[in-house]
Amino acid sequence: MEEPGDQHRFWVQAPVPALDIDGLAVVTVGTVIFALASVALAIGYDWLAAHGHGSWLQISVAGFGLGLVGFAYCWNRRRRRRAGTR
């Protein structure tokens, strides 16, 4: 008979530490990619508008704006973690 603590688990999680606890690196990379995409789409906006894809620029600018909001949030989160407050 098995002991209650000896049950077989379906999922086994490895004890791997997180690479980026506060998410700042991921948000920064995503924001930079959206900024570069916005610049590239702004350069070719005439072609995009002529082919019915004018909203692509708006979508990339919105992604950049949301990335800035996420960057501010993650920056503040990192600052609070390092200060020891929640």
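When Rg is the radius of gyration of the Cα atoms in the chain and Rh is its Kirkwood radius, what does Rg/Rh come to? Before the final figure, lay out the partial values.
On the way: Rg = 21.7 Å, Rh = 16.5 Å.
For the chain, the value is 1.32.
As a test of the formula, what do you get for the chain when each DSSP H run with n ≥ 4 contributes -39,500 (n - 2.57) and the sum is divided by the residue count, at 222 nm and rounded to the nearest 500 deg cm²/dmol?
Details: 3 runs with 55 residues, N = 86.
Estimated from H runs of four or more residues: -21500 deg cm²/dmol.
Ignoring ligands, DNA and RNA, please state the percent of accessible area on the chain from carbon and sulfur, probe 1.4 Å.
On the way: 4840 of 7350 Å².
That fraction is 66 percent.
Between Leu68 and Leu19, what is the FRET efficiency for a Förster distance of 30 Å, r being their Cβ-Cβ separation, to the nearest 0.05?
Numbers: r = 23 Å, r/R0 = 0.76.
Computed FRET efficiency for Leu68 and Leu19: 0.85.
Could you do me a favour and compute the accessible area per residue for the chain, 1.4 Å probe, result in Å²? Display every interim value, and only then the final one.
On the way: 7350 Å² over 86 residues.
Counting only protein heavy atoms, the per-residue value for the chain is 85 Å².
The values are calculated or read from the model by the stated rules, or taken from the named source; none is laboratory data. Just so you know, these numbers come straight off a predicted model, no measurement behind them. A quick note on method: Cβ atoms are made from the backbone with ideal geometry, for glycine too, and the neighbour counts reach across all protein chains shown. Side chains are part of the model used for accessible areas, which takes the heavy atoms of the whole protein and leaves out ligands, DNA and RNA. Shrake-Rupley method; radii C 1.70, N 1.55, O 1.52, S 1.80 Å.
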